[in-house]
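Down below is the structure, laid out as structure tokens.
The values are calculated or read from the model by the stated rules, or taken from the named source; none is laboratory data. Just so it is clear, the structure is predicted and the values come from calculations on it, not from any experiment. As a convention, Cβ positions derive from the backbone with ideal geometry for all residues, glycine included, and neighbour counts pool all protein chains shown.
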Amino acid sequence: MNVSLLLNGRPTTLEVRSDEMLLEALRRQGLRSVRETCAIGVCGACTVLLDGEPASACLMLAAAAAGHEVTTVEGLEGSDPVLRAFNEAHAFQCGWCTPGFVLTVKAMRPGDDVGEALGGNLCRCGCYVKIEEAVRQCVS
Ligand code: FES
């Protein structure tokens, strides 16, 4: 089946299976920042923005993205302030979790509690102090 959506700002049609998850469909497009890790929606490594809100691509059928706007880290400008804050704070070690954190931070609003907002993103390298430093740069 074909699924038409706005993917990283571009009108896109994806050919997907009816049982295919958005994660798999996006990775087939070469969007490797969307990472399968837990596959049960608790680690945040597959986070994308769906109409501007964080969503777990491992839990969402690709067909459900029809008509929506999906953003991955590949769709951000290199000068994006959240990307810059993560780089400047060295808020990563292996970087596996970074795209998910960056997109979650992109969706934060002024006044959001940092711990609560990032509760769905895990960093196995334990870079939370630096991640929090980067986030505070973005939301202050
Ligand atoms: Fe390695 Fe977060 S930097 S998992």
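If you check ALA57 against the conditions, is it buried (at least 16 other Cβ atoms within 10 Å of the Cβ) and either modelled with pLDDT under 95 or more than 30 Å from VAL114 (Cα to Cα) (or both)?
no
Of GLY111, GLY100, which residue is of a type in the set (Gly, Ala, Ser) and either more than 30 Å from ARG17 (Cα to Cα) or in a loop (DSSP other than H, G, I, E, B) (or both)?
Matching residue, one of GLY111, GLY100: GLY111.
Please give the number of the condition VAL3 fails out of (1) touching a residue at least 60 places away in the same chain (Cβ under 8 Å); (2) closer than 20 Å to THR104 by Cα; (3) among the β-branched types (Val, Ile, Thr).
Of the numbered conditions (1) touching a residue at least 60 places away in the same chain (Cβ under 8 Å); (2) closer than 20 Å to THR104 by Cα; (3) among the β-branched types (Val, Ile, Thr), the odd one out for VAL3 is (2).
Across region 6-20, what is the number of residues that are touching a residue at least 24 places away in the same chain (Cβ under 8 Å), within 19 Å of GLY52 (Cα to Cα) and either buried (at least 21 other Cβ atoms within 10 Å of the Cβ) or of a type in the set (Lys, Arg) (or both)?
Residues flagged as touching a residue at least 24 places away in the same chain (Cβ under 8 Å), within 19 Å of GLY52 (Cα to Cα) and either buried (at least 21 other Cβ atoms within 10 Å of the Cβ) or of a type in the set (Lys, Arg) (or both) within region 6-20 amount to 1.
Here is a list: LEU83, LEU118, LEU122, LEU49. Which entry is of a type outside the set (Val, Ile, Thr), under 30 Å from PRO11 (Cβ atoms), surrounded by 14 or more Cβ atoms within 10 Å (Cβ to Cβ) and within 16 Å of the ligand (Cβ to nearest atom)?
LEU83
Matching residues to (1) of a type in the set (D, E, K, R); (2) more than 15 Å from the ligand (Cβ to nearest atom):
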{"position": "ARG27", "(1), (2)": "yes, yes"}
{"position": "ALA45", "(1), (2)": "no, no"}
{"position": "ALA66", "(1), (2)": "no, yes"}
{"position": "HIS90", "(1), (2)": "no, no"}
{"position": "CYS94", "(1), (2)": "no, no"}
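So, of the residues in region 125-140 that are away from the ligand (no atom under 11 Å from the Cβ) and among the small types (Gly, Ala, Ser), which turns out to be farthest from the chain's Cα centre (by Cα)?
Within region 125-140, the match that is farthest from the chain's Cα centre (by Cα) is SER140.
From (1) more than 9 Å from the ligand (Cβ to nearest atom); (2) at negative phi, pick out the condition that doesn't hold for GLY111.
If we test GLY111 against (1) more than 9 Å from the ligand (Cβ to nearest atom); (2) at negative phi, just (2) comes out false.
Considering only region 77-114, state which residues are touching a residue at least 40 places away in the same chain (Cβ under 8 Å) and of a type in the set (Asp, Glu).
Correct list: GLU88 only.
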